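Working notes, beginning with the structure itself.
The values are calculated or read from the model by the stated rules, or taken from the named source; none is laboratory data. Since we're looking at a predicted model, the values are computed, not measured. Here the Cβ positions follow ideal geometry from the backbone for every residue, glycine too, while neighbour counts run over all protein chains shown. When the accessible area is computed, the model is the full protein with side chains, heavy atoms only, and any ligands, DNA or RNA have been set aside. Shrake-Rupley method; radii C 1.70, N 1.55, O 1.52, S 1.80 Å.
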Amino acid sequence: IDAAEASVRGPSGEPHGTLRMTVPEAFGRHVVLPVVQRFLETWPEVRVDIDVTDRAANLVEEGFDLAFRLGDRVRADPGLISRIIARYPVGLVAAPDYLRVRNKPQTPEDLLHHETLLFRGRGGVQPWRYRDGGTRWVRLPVRGRLQMSSGTALRDAAVAGLGVAFLPSFVVKDDVAAGRLARVLPDLDLGEAVIAALYPSRRLLPPRVRRFIDLVFETTSDAPTNPRSS
């Protein structure tokens with residue numbers, strides 16, 4: 001139906017209809033929602049329906065046009081196209097008051113004596129790891145007593161002084177700039193969080209989907225390791 005409508009509307013390809021998407025909570029809040037505002041202002045014939053969740057929805061079965069996924073490795077489901085949008089460095093952060101009371105870690109081993117805030121996804125608890133002088137990955141020693149399935153909730157817990165969090169830069173950059181959070185072990189190479197757009201494989205991608213993906217890519221073009229510059 002989308003392909004037929006696009007063909008009769010001619011070459012202009014102006015977006016119309018309802019764009020249904022599913023986005024991770026933290027990425028949706030910090031990156032996608034500002035893009036949605038611009039998108040709706042630019043294309044008055046478009047409506048947007050967003051499922052904000054950290055679960056991996058089934059695009060075809062649930063009727064989504066588009067999904068954004070976050071992780072150090074993003075794999076497209078069978079029958080979907082995956083386009084990497086940005087790569088954000090990952091870092092350790094904690095509230096300044098917490099670090100004054102507990103002392104700032106100076107080595108990875110010091111984390112054993114700290115409260116660590118862990119992300120629990122569909123595949124279990126996310127491990128903390130860093131590159132040790134090259135390509136070898138080493139697990140960070142953590143014994144977190146608080147686990148959450150939301151990146152935004154982990155950020156809130158870190159700001160409240162509950163411990164050290166392991167989060168992508170787009171979630172915490174404003175807090176670090178404002179002094180609400182401080183970097184911990186900033187010289188460690190903790191890798192990056194990959195953001196990918198996933199959409200059903202179609203011969204003719206609806207303009208509303210294509211234009212929105214392009215706008216998100218344009219917005220994230222200043223990410224430190226955006227695929228445009230890598």
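Things to note:
- In segment 117-159, residue surrounded by the fewest Cβ atoms within 10 Å (Cβ to Cβ) [restricted to those that are among the basic types (K, R) and part of a strand (DSSP E or B)]: R139
- Segment 165-221, residues that are charged (D, E, K, R) and in a strand (DSSP E or B): R183, D189, E192
- Of the strands (runs of 3 or more DSSP E) lying entirely inside segment 1-76, the ones with 3 or more residues being buried (at least 19 other Cβ atoms within 10 Å of the Cβ), in contact with a helix residue (DSSP H, G or I) (Cβ under 8 Å, 6 or more places away or on another chain) and at pLDDT 90 or above are found at 17-23, 66-71.
- Conditions (1) over 15 Å from R183 (Cα atoms); (2) open to solvent by 60 Å² or more (accessible area, probe 1.4 Å): number failed by R100: (1)
- With respect to the conditions (1) in a helix (DSSP H, G or I); (2) of a type in the set (A, V, I, L, M); (3) more than 17 Å from G121 (Cα to Cα); (4) open to solvent by 20 Å² or more (accessible area, probe 1.4 Å), L162 falls short on a single one, namely (1).
- Cβ-Cβ distances below 6 Å connect no pair with a first residue in segment 122-150 that is more than 20 Å from L70 (Cβ to Cβ), a second residue that is modelled with pLDDT under 90 and outside any loop (DSSP other than H, G, I, E, B), and a separation of six or more residues or different chains.
- Check on D222, under 23 Å from L33 (Cα atoms) and at pLDDT 85 or above: no
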